[in-house]
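Structure first, then comments.
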Amino acid sequence: MKLLVSVVDDTEARLAVAGGVDVVDVKNPAEGSLGAPAPAMIERVRRMLPSELPLSVALGDLPSLPGTAALAAVGAARSGAGYVKLGLWGSSTTEEAVAVLRAARDAVDGDAVVVAVTYADAARVPSHPLPPRLLVDAAHRAGVAGCLIDTSVKDGCGLLSWLAADELAEIVAEGHAAGLEMALAGELRAEDLPVIRASGADIAGVRSAACRDGRRTAPLDPERIARLRAVCAEQASRAPA
């Protein structure tokens, strides 16, 4: 299982690299769970990363507007993103989600991997985003390559507060059967990673767990990142062949 760490700028990205992260993810938390960074910041982060290290970029908690999604995806891809994460904030039906995702996919035309994102706590979001159990179907129908289940509200109630381990495993298995790369995030702690790995997820995304004292607003800590990465590697080595 790969470890993704979310950063807000190139200074944090350097710390993530020092900790041995597998994927650097840049976002702007001031604009929401999947707040979009400025193109210039994406470019700065991309320039300082090793060429082989993937860069993931949040496109925002997006409304159900395909044109807006397409424009955001192109902007991120041309700024250096390898993955573009599209938050289905305003898409409450599979049909709406497919339209938004397909528009982003067509717009980037293979220059970046489009990742469909919904929220484990979708039931408490006023816009009624796509429920997690519908995410894989929407992503598959739209022809995108990956899915992420995250949490919208960062209040200490993480992913496992909303979806049980067996539910996550079922969704991940469904995604793999459809040929999708599956990622899980949402205030994950170090002690949650074995559960996430057991679900079969390809990527675990963290922020708070990678920060000093486990506070998402604190500086990133390369030593904590290295320990988290070691947990991912240890669990992977124990997986059945």
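So how many residues does the range 21-42 have that are buried (at least 17 other Cβ atoms within 10 Å of the Cβ) and over 18 Å from TRP89 (Cα atoms)? Working first, answer last.
Let us first name the residues in the range 21-42 that are buried (at least 17 other Cβ atoms within 10 Å of the Cβ), namely 21-27, 32-34, 36-37, 41-42.
From what is left, the residues that are over 18 Å from TRP89 (Cα atoms) are 21-26, 41-42.
Result for the range 21-42: 8.
Residue by residue through the range 121-136, note down the ones that are part of a helix (DSSP H, G or I), in contact with a strand residue (DSSP E or B) (Cβ under 8 Å, 6 or more places away or on another chain) and not hydrophobic (A, V, I, L, M, F, W, C).
PRO132 - this is the single residue of the range 121-136 that is part of a helix (DSSP H, G or I), in contact with a strand residue (DSSP E or B) (Cβ under 8 Å, 6 or more places away or on another chain) and not hydrophobic (A, V, I, L, M, F, W, C).
All but one of (1) under 22 Å from ALA122 (Cα atoms); (2) among the acidic types (Asp, Glu); (3) in contact with a strand residue (DSSP E or B) (Cβ under 9 Å, 6 or more places away or on another chain) hold for ASP155; which doesn't?
The failed condition is (3).
Only residues that are crowded, with 21+ Cβ neighbours inside 10 Å, over 26 Å from ALA123 (Cα atoms), free of Cβ contacts under 8 Å to residues at least 60 places away in the same chain and within 18 Å of the chain's Cα centre (by Cα): list them for the range 80-107, please.
Within the range 80-107, ALA81, ARG105 meet the criteria.
Read the figures in this text as sums done on the coordinates, not as results from a lab. These figures come from a predicted structure and were not determined experimentally. For neighbour counting, all protein chains shown are included, and Cβ atoms are generated from backbone atoms with ideal geometry for every residue, glycine included.
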